[in-house]
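Since the structure comes first, as structure tokens, the remarks are kept for the end.
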């Protein structure tokens with residue numbers, strides 16, 4: 001990991017909010033423009049990974065704790081499938097969002113937003129968790145451990 | 001793209017290969033933009049060029065960065081590649097020309113989506129409407145696939161680390 005280059009550090013700090021903002025834009029603008037939960041999740045995970053590459057994985061773990069991440073992975077799937085169960089309670093078919101709003105259009109709109117949020121959570125946390133475990137392995141290698149002692 | 005592929009084949013330095021793979025993915029994303037598939041282009045740029053490059057670099061941190069010399073002749077893999085490529089190209093000969101309206105794929109449900117998706121879902125982006133609403137089951141399946149894949153990778157990676165920690169603690173107790 002690169003830790004001594006000041007140019008990288010400053011540029012990354014400038015870029016991070018822009019990347020995260022773009023991810024949120026892709027997420028919530030998915031109804032109108034290209035993109036959606038999957039792309040937004042990858043972009044947001046890329047922002048944290050970029051931070052982790054430059055400042056070290058332990059610094060990234062402070063922003064996004066690993067335990068929280070592991071619980072977020074199933075939560076995304078549960079949000080998605082739970083939306084379908086909620087539509088059962090409205091008397092509609094599984095994953096039919098029409099009864100969520102006052103008319104079917106606003107209901108569909110809300111349903112798509114919630115479902116995309118579920119996709120976002122799962123994709124974001126899965127990507128980041130895989131990165132953590134790979135990068136964590138390289139830090140926990142025996143050679144590095146001996147250096148620490 | 002051809003230059004990137006030749007570079008990947010020729011180079012023995014795995015770091016160069018990973019970076020060239022990222023460049024290839026970015027070029028692929030521009031192809032997707034040229035085909036008017038902006039959603040796919042974004043995914044390709046983010047996952048193909050960004051995420052997989054970073055993950056491969058993380059793996060390179062664990063292994064040697066030089067490719068090991070070949071132990072078998074490259075003739076049979078080359079033959080298999082050429083045969084598969086030839087069959088695929090033969091298959092494309094029967095495809096209808098790109099962008100024709102009267103092809104079977106464009107006659108089935110696509111006109112319905114184009115006509116009714118704005119009316120029924122209020123979303124001007126037909127791709128999102130199809131993905132999240134009309135084909136919600138498929139997207140739920142995709143999310144579950146990502147979930148399952150991620151959990152599988154995490155289990156594989158975490159068990160071996162736990163074993164190593166156990167071994168090192170054993171060593172500590174011995175010394």
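Across the residues of B:54-66, average count of Cβ atoms on other protein chains within 10 Å?
Values: counts 10, 6, 1, 3, 13, 4, 1, 7, 5, 1, 0, 0, 0.
Taking the mean over all residues of the peptide, I get 4.
Just need the relative contact order of chain B here, percent rounded to a whole number, with Cα pairs under 8 Å and 6+ apart.
Numbers: 81 pairs, mean separation 21.4, N = 175.
Averaging sequence separation for qualifying contacts and normalising by length gives 12 percent for chain B.
Among B:35, B:20, B:93, which one shows the highest mean-square fluctuation when chain B is modelled as a Gaussian network with alpha-carbon springs under 10 Å?
B:93
Starting from 0.36 nm per residue, how many nanometres of slack lie between residue B:63 and residue B:135 once their C-alpha separation is accounted for?
Details: separation 72, 0.36 × 72 = 25.92 nm, distance 4.17 nm.
That pair, residue B:63 and residue B:135, stretches by 21.7 nm at full extension.
Relative contact order of the stretch A:6-143, please, whole-number percent, based on alpha carbon pairs below 8 angstrom and at least 6 residues apart. Numbers along the way, then the final one.
Details: 170 pairs, mean separation 37.1, N = 138.
Computed value for the stretch A:6-143: 27 percent relative contact order.
For the stretch B:1-67, calculate the relative contact order in percent as a whole number, restricting contacts to Cα pairs under 8 Å that are 6 or more residues apart.
Numbers: 62 pairs, mean separation 25.2, N = 67.
In percent, rounded to a whole number, it is 38.
Starting from the Cα of residue B:72, step 7 Å along the direction of its Cβ; do the same at residue B:30; then give the gap between the two resulting points in nm.
Spacing of the two 7 Å Cα→Cβ label points: 3.7 nm.
When averaged across all projection directions, what area in nm² does the alpha-carbon convex hull of the stretch A:6-143 cover?
Details: hull surface 39.9 nm².
Over all viewing directions, the stretch A:6-143 projects a mean Cα-hull area of 10.0 nm².
Specify the angular offset, from 0 to 90 degrees and rounded to the nearest 10, of the alpha carbon long axis of helix A:6-28 from the longest principal axis of the alpha carbons in chain A.
10
Enter the Cα centre distance for the pair the stretch B:1-67 and the stretch B:111-155, rounded to the nearest angstrom.
Cα centroid to Cα centroid, the span is 26 Å.
Would you order A:102, A:81 from fewest to most other beta-carbon atoms within 10 Å of each residue's own beta-carbon? The partial results should precede the final answer.
Numbers: A:102 8, A:81 16.
Least crowded to most crowded, the residues run A:102, A:81.
Helix A:37-55 versus the longest principal axis of chain A: what angle, 0 to 90°, nearest 10, using Cα atoms?
20
Between the stretch A:65-88 and the stretch A:106-130, how many Å separate their Cα centres?
Spelled out, the Cα-based centre of one part sits 9 Å from the other.
Could you work out which residue, out of B:22, B:150, B:61, moves most in a Gaussian network model of chain B, that is, has the largest mean-square fluctuation with Cα springs under 10 Å?
Of the options given, B:150 has the highest mean-square fluctuation.
What distance in nm separates the two pseudo spin-label positions at residue B:11 and residue B:101, each 7 Å out from Cα along the beta-carbon direction?
About 4.6 nm separates the two model spin labels.
State, to one decimal in nm, how far the label point of residue A:67 lies from the label point of residue B:109, with both points 7 Å from Cα in the Cβ direction.
Result for the modelled spin labels: 4.3 nm.
Gaussian network model of chain A, Cα springs within a sub-10 Å range: biggest mean-square fluctuation belongs to which of A:14, A:24, A:110?
Highest fluctuation of the listed residues: A:14.
Laboratory data are not the source of any read-out in this text; all were calculated from the coordinates shown. It should be emphasised that the depicted structure is a prediction, and the values quoted were computed from it without experimental measurement. Using ideal geometry, Cβ is built from the backbone for each residue, glycine included, and neighbour counts are taken over all protein chains shown.
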